[in-house]
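The values are calculated or read from the model by the stated rules, or taken from the named source; none is laboratory data. Keep in mind that this is a model prediction, so the values were computed, not measured. Quick reminder, even Gly has a Cβ in these numbers, built from the backbone with ideal geometry, and neighbours come from all protein chains shown. Surface areas here come from the heavy atoms of the whole protein model, side chains and all, with no ligands, DNA or RNA. Shrake-Rupley method; radii C 1.70, N 1.55, O 1.52, S 1.80 Å.
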Amino acid sequence: MNVYKIRGVKKRLGKKKVLKGIDLDVKKGEILSLVGPSGSGKSTLLRTLNRLIEVDSGSIEFKGSDINSIDPIVLRRNAVLVPQESVMLEGTVAENVMYGPKMAGLSSDRNMEGLLKDAGLSPSFARKDASKLSGGEKKRVSLARALALRPEVLLLDEPTVGVDPKRVEHVENTIIEFARKRKLTVVWVTHDVPQAMRVSDRIANLKSGRVREVKRASEFEWEGAY
């Protein structure tokens, strides 16, 4: 079953044609990585999937429905974007994690300990000042904040950029583990092709605003050209 069906998607930002006719399917429960050189359209495509960027033409279906027929707020609760920059709000880690559900008017019966553990953090982090965390810790708080919305899809934009290189593999494994545990679909943008080959079920290779190829991670060939 496809969570997303993307057909003929085009997008211009200013004078630049960023997406030039994207055709791609995202399967339920898979981790699909988007790779490609800088400027290939990876992050732009990611943001079209929950309508943070509206396409100029083409169509995107989410679970069989055109995303233009879905309330953007509802769509963004179900397909949550974790941006590259992990911005922390004033207050504790717990207050940051619960910000999304609170703003969405959702019930507050979230298991804080479970959310933090799933994001690779000790429950003791709940009381810490979020502004004083390391870059990697802030990344994991952002993941916990996304999980608190109980999404079906995680849209990850370079989730390990800024993380201590010694902790990158830990963050990768954390994402894989909670995605499997919660049966999430993950679309993961990365400039790091070896990372994509480690974490993904399939890899979509973008170049100049088009999908050049889609292969299983085990079959993906890369010659270090990016």
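Quick notes
- A Gaussian network model of the chain, with springs between Cα atoms under 10 Å, assigns the largest mean-square fluctuation among Val35, Val161, Val87 to Val87.
- Only helical runs count toward this figure. For the chain, summing -39,500 (n - 2.57) over DSSP H runs of n ≥ 4 and dividing by all residues gives -8000 deg cm²/dmol at 222 nm.
- Normalised per residue, the volume of the convex hull around the Cα set of the range 82-226 (Å³): 123
- Per atom type, the range 60-106 shows carbon and sulfur on 53% of its accessible surface, probed at 1.4 Å.
- Of the trypsin sites (Lys or Arg not before Pro) in the range 1-91, the ones in a loop by DSSP (not H, G, I, E or B) with at most 12 other beta carbons within 10 Å are Lys15.
- Between helix 135-147 and the chain: long-axis angle, C-alpha atoms, 0 to 90°, nearest 10: 80
- Per residue solvent-accessible surface (Å²) - the range 1-126, probe of 1.4 Å: 49
- In nm, spacing of pseudo-spin labels at Ile176 and Lys63 (7 Å Cα→C-beta vector): 2.8
- Helix 168-182 vs. the chain, principal-axis angle (Cα, 0 to 90°, nearest 10): 90
- Alpha-carbon Debye profile of the range 24-163, log10 I(q)/I(0) at 0.14 Å⁻¹: -0.70
- DSSP loop GluC sites (Glu not before Pro) with at most 13 other Cβ within 10 Å excluded, longest remaining stretch of the chain: 91-220
- His191-Lys117 pseudo-label distance in nm [points 7 Å out on the Cα-to-Cβ vector]: 3.7
- Sequence-distant aspartates and glutamates (8 or more away, or on other chains) whose Cα lies within less than 16 Å of Lys207: Asp23, Asp192, Glu221, Glu223
- The Cβ shell under 12 Å around Glu85 holds other residues with a net charge of 0, Lys and Arg each +1, Asp and Glu each -1.
- Counting only residues at least eight positions apart within a chain, or on another chain, the lysines with an alpha carbon under 25 Å from that of Lys128 are Lys102, Lys117, Lys138, Lys139, Lys166.
- Cα-projected label distance for Arg216 with Glu95, points at 7 Å along beta-carbon direction, nm: 4.9
- Take the range 159-226 with all the other protein chains still there, run a 1.4 Å probe, and you get 55 Å² of accessible area per residue.
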